Amino acid sequence: MTTSETISALPAAGTKLKVENLNIVFTRDGKTTPVLQDINLVVSGGEFVCVVGPSGCGKSTLLNVMGGFLSPTSGSVKIDGEVVRGPDPRRVFVFQERGVFPWLTVEGNIGFGLFKLPAAERKQRVAHYIKMVGLEGFEESYPAELSGGMKQRLEVARALAVNPDMLYLDEPFGALDSITRHIMRGELLSIWEAERKTIVFVTHDIDEAVQMADRVVVLSARPAVVQEIVNIDIPHPRDISSSRYLELRDGILQQIGLACKI
Amino acid sequence: MVRLRPIVFIAVLLVAWQVAVSRHPAYILPGPWGVVGGMADLVRHGFLFKYVVASLFRVTWGFSLATLLAIPLGLTIGWYRRAQMALNPLVQVFRPISPLAWIPLAILWFGVGDASSIFLIFLGCFFPLLLTSINAVRNIPSVYINAGRNFGLRPAELVYRVLYPAVVPQLLVGLRITLGVAWLVVVAAEMIAVDSGLGFLIVDARNAGNRYDLVVAGMVIIGLIGLLLDTAMRSLEKVRSFRWAYSED
């Protein structure tokens, strides 16, 4: 399957995000490094897309451009037909590092983006999302008193509280142990099924991508191009020992150039 | 019992001091009893309170003026990389100059009196605080700033809701160290530039009659007040919304 086939197969009406001929070149100390080369990608509303690729290939850079934190060297990123010119609360970034504010309590963090709401509504929203991510009883706790998984849930709750259309997640579970990571995947999927946000999820974990995404975008090594876009045609909840799952996962591993045996 | 250990240890040292002084009267050093007597003299004549207030007054002014100027300036310089590049050499040249080297100019400009010692304290505090503020801004993880921008904060809100809380813990450490510097500088400044305060007490006690009991009494008082100032600043670091920056992990 080629990139162009995938794109044309999508319904144009539901297009949420469109990356067109995107190039990113970094210039440092007079040296130029091309990072992203001619990236084209269309994401539909409510879709869950994972971006995978070798370490350092520019996955996070791509997400930063989509989030408006970085301007493209050429090409464009459009959301709902509008060119992205900066960060916006309608699309919230969940950061790779722990981005929760350590000087605020759990409540303070979740309410951080809700400063425009009246106090009563803010309180209600905060309570709703504390419940959703299972942090009841920790309302007054500071992040330093929480475990890694709880901090990550807090960050997701802070992002969801402003009711964005889109979530960008940059290796959100990368720092967690494998059991917590497994639980967090399930929780993110159930949140996604309940709220139907458009999600772009960057990960270096191919299993994670195949378990969660509707489609997996495989980037090549730097300068990154879109090597392949794989449709994951397994309904949720996914059986991760099914032959179709293994077939799709092994296909992506081969794309990246890894053998399926260690 | 464990809590009493430091007190017992200090008591032992005081006894040793007293014994050593009484066994070697040829050396000029007052014993602890002499120092207590000196303090009693100072209290009786009303000097102790007056001089402590005079010194604290100068430190308060010098330290506060330096804080009010250096912190906003430092935060601004730290935020704008160009400003930092332009001003950094200047700061680095002024910083190693001891505030005491300014004494002649201070007296020339402000005369003998409160103003010149306040000026010296100000100088002693200004540059360390400026550097602390510059570094505090530069050390803010970009993830906090990006998160703030992502939630649609206007620049003024970003300063108030992200930059300020992110730098406060580092600034508190800087303020605590700088207040210690201010307390060092005030004693030196008072030895030369004024006629009151704890520094003046020490010089005056020697000049006006070799009252070394008063000299040491002055030193002990300076030490105790320094300890109190430091403890007060330290207690700020225990505030819950600041404490995150001081935890071990």
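The values are calculated or read from the model by the stated rules, or taken from the named source; none is laboratory data. Remember, predicted model here, so these are calculated numbers, not experimental data. Quick reminder, even Gly has a Cβ in these numbers, built from the backbone with ideal geometry, and neighbours come from all protein chains shown.
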Selection status of A:VAL25, outside any loop (DSSP other than H, G, I, E, B), under 17 Å from the mean Cα position of the chain (by Cα) and modelled with pLDDT of 90 or more
no
For residues in segment A:95-124 being β-branched (Val, Ile, Thr) and surrounded by 24 or more Cβ atoms within 10 Å (Cβ to Cβ), which is nearest to the chain's Cα centre (by Cα)?
A:VAL100
Taking segment B:203-242 and keeping only residues that are within 14 Å of another protein chain (Cβ to nearest Cβ), without any contact (Cβ under 8 Å) to a residue 40 or more places away in the chain and surrounded by 15 or more Cβ atoms within 10 Å (Cβ to Cβ), one is left with none
Candidate set from segment A:154-168 (those that are within 18 Å of A:LEU62 (Cα to Cα) and in contact with a helix residue (DSSP H, G or I) (Cβ under 8 Å, 6 or more places away or on another chain)); member that is surrounded by the most Cβ atoms within 10 Å (Cβ to Cβ):
A:TYR168
One residue is enough: does segment B:219-226 have a residue meeting the conditions among the hydrophobic types (A, V, I, L, M, F, W, C), closer than 18 Å to B:GLY124 by Cβ and modelled with pLDDT of 90 or more?
yes
Quickly run through segment B:186-202 and pick out the residues that are surrounded by fewer than 22 Cβ atoms within 10 Å (Cβ to Cβ) and either within 14 Å of another protein chain (Cβ to nearest Cβ) or small (Gly, Ala, Ser) (or both).
B:ALA188, B:SER196
Would you call B:ARG211 at negative phi, modelled with pLDDT under 90 and touching a Gly at 6+ places or on another chain (Cβ under 9 Å)?
yes
Of the residues in segment B:200-214, those that are assigned to a helix (DSSP H, G or I) and more than 14 Å from B:GLY113 (Cβ to Cβ) come to B:LEU201, B:ILE202, B:VAL203, B:ASP204, B:ALA205, B:ARG206, B:ASN207, B:TYR212, B:ASP213, B:LEU214
Within the group B:ALA101, B:ALA156, B:ALA86, B:ALA40, which residue is within 14 Å of chain A (Cβ to nearest Cβ), part of a helix (DSSP H, G or I) and either surrounded by fewer than 14 Cβ atoms within 10 Å (Cβ to Cβ) or in contact with a strand residue (DSSP E or B) (Cβ under 6 Å, 6 or more places away or on another chain) (or both)?
B:ALA156
Would you confirm whether or not segment B:63-70 contains a residue that is in a helix (DSSP H, G or I), closer than 30 Å to B:TYR164 by Cα and aromatic (Phe, Trp, Tyr)?
yes
When segment A:154-186 is examined, which residues are found to be in contact with a Lys or Arg (Cβ under 8 Å, 6 or more places away or on another chain), more than 14 Å from every other protein chain (Cβ to nearest Cβ) and of a type outside the set (Phe, Trp, Tyr)?
A:MET184
Under 9 Å between Cβ atoms, which residue pairs at least 6 apart in sequence (or on different chains) link something in segment B:142-153 that is more than 7 Å from chain A (Cβ to nearest Cβ) with a partner that is part of a loop (DSSP other than H, G, I, E, B) and crowded, with 23+ Cβ neighbours inside 10 Å?
B:GLY148/A:PHE101
Mind checking which residues of segment B:23-35 are surrounded by 15 or more Cβ atoms within 10 Å (Cβ to Cβ) and assigned to a helix (DSSP H, G or I)?
B:PRO32, B:GLY34, B:VAL35
In segment A:130-153, residues that are part of a helix (DSSP H, G or I), touching a helix residue (DSSP H, G or I) at 6+ places or on another chain (Cβ under 8 Å) and away from chain B (no Cβ under 14 Å) total 4
Based on this model, can you work out whether B:TRP183 counts as part of a helix (DSSP H, G or I), among the aromatic types (Phe, Trp, Tyr) and within 14 Å of chain A (Cβ to nearest Cβ)?
no
Would you mind finding the one in A:GLY108, A:GLY137 that is out of contact with any Lys or Arg (no Cβ under 8 Å at 6 or more places or on another chain) and at positive phi?
A:GLY137
B:ALA115 - would you say it is farther than 25 Å from B:LEU56 by Cα and either within 14 Å of chain A (Cβ to nearest Cβ) or not polar (S, T, N, Q) (or both)?
no
Looking at segment B:49-71 only, could you name the residues that are touching a residue at least 12 places away in the same chain (Cβ under 8 Å) and either farther than 26 Å from B:ASP195 by Cα or among the hydroxyl-bearing types (Ser, Thr, Tyr) (or both)?
B:TYR51, B:SER55, B:THR67, B:LEU69, B:ALA70, B:ILE71
If B:ARG176 passes every condition in (1) more than 14 Å from every other protein chain (Cβ to nearest Cβ); (2) out of contact with any Pro (no Cβ under 8 Å at 6 or more places or on another chain); (3) farther than 21 Å from B:VAL53 by Cα; (4) not aliphatic (A, V, I, L, M) but one, which one does it miss?
(3)
Can you tell me which of (1) touching a Ser or Thr at 6+ places or on another chain (Cβ under 7 Å); (2) within 14 Å of chain A (Cβ to nearest Cβ) is the one B:TYR164 doesn't meet?
(1)
Residues (among the acidic types (Asp, Glu) and at pLDDT 90 or above) located in segment A:87-133
A:ASP88, A:GLU107, A:GLU121
Quick one: which of A:VAL65, A:VAL92 is touching a strand residue (DSSP E or B) at 6+ places or on another chain (Cβ under 8 Å), more than 24 Å from A:LEU189 (Cβ to Cβ), within 14 Å of chain B (Cβ to nearest Cβ) and not in a loop (DSSP other than H, G, I, E, B)?
A:VAL65
